[in-house]
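Chemist: Quick one: structure below, then a few questions.
The values are calculated or read from the model by the stated rules, or taken from the named source; none is laboratory data. In this text the structure is predicted, and so the values were computed from the model without any measurement. Neighbour counts run over all protein chains shown; Cβ positions are idealised from the backbone, glycine included. Heavy atoms of the whole protein, side chains included, go into the accessibility calculation; ligands, DNA and RNA do not. Shrake-Rupley method; radii C 1.70, N 1.55, O 1.52, S 1.80 Å.
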Amino acid sequence: MDSYQMRDSSDLNFHTKKFLEVIMDIETLLASDDNFLLGPWLETAKSLATTEDERKQYEWNARTQVTMWYDDTKTEQSKLHDYANKFWSGLLKSYYHPRASKYFTRLSRSLQENRSFQLEEWRRDWISYSNEWQSGKELYPVKATGDALAISRSLFAKYFR
């Protein structure tokens, strides 16, 4: 925010890339542990259904609960957005990373165009994306991949040395 307020596009872009990189690094680490996967949450919800309509509804419910409880407005976010957010592999990559990217893209654009941040435009974009994601049918892994210790060591070296 300091970069934005100082109108330093170069610094804003640098910090934006770092922020998005951290999200993806956390995604990689979380993907290495079965307890931090989005897939089992969605698959469990769907498995409770007895009909195809229920399966679709239960998946939508599960997606909505961990993101932004359904918004039926275009620019006013739900008071329950991120109410039950989780740091789960799959959710960071497919929901939080794109959401943050949209925010930073609009922030950067406002500097380039020399105008104030267009909050309503960003909210419209974010809410639209959230609603699309909640209605999605993408499958997510239900089994971890990667070596958590090796990934942790790599991230420690990257960020603390």
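Chemist: Out of curiosity, is E54 in a helix (DSSP H, G or I), open to solvent by less than 20 Å² (accessible area, probe 1.4 Å) and modelled with pLDDT of 95 or more?
Modeler: no
Chemist: Let me confirm something: among E59, E138, E43, which residue is over 26 Å from N13 (Cα atoms), in contact with a Lys or Arg (Cβ under 8 Å, 6 or more places away or on another chain) and of a type in the set (D, E, K, R)?
Modeler: Exactly one of E59, E138, E43 is over 26 Å from N13 (Cα atoms), in contact with a Lys or Arg (Cβ under 8 Å, 6 or more places away or on another chain) and of a type in the set (D, E, K, R), namely E59.
Chemist: Sticking with this one: Consider only pairs whose beta carbons are under 7 Å apart and that are at least six residues apart or on different chains; among these, list those whose first residue lies in the stretch 2-21 and is in a loop (DSSP other than H, G, I, E, B) and whose second residue is open to solvent by less than 60 Å² (accessible area, probe 1.4 Å).
Modeler: From the stretch 2-21, the pairs are R7/L111.
Chemist: Checking S32 against (1) part of a helix (DSSP H, G or I); (2) touching an Asp or Glu at 6+ places or on another chain (Cβ under 9 Å), which test does it fail?
Modeler: (1)
Chemist: Of all residues in the stretch 36-57, which are under 18 Å from the mean Cα position of the chain (by Cα) and more than 16 Å from S152 (Cα to Cα)?
Modeler: L37, L38, G39, P40, W41, L42
Chemist: Quick one: how many residues across the stretch 116-158 are part of a helix (DSSP H, G or I) and without any contact (Cβ under 8 Å) to a residue 40 or more places away in the chain?
Modeler: 12
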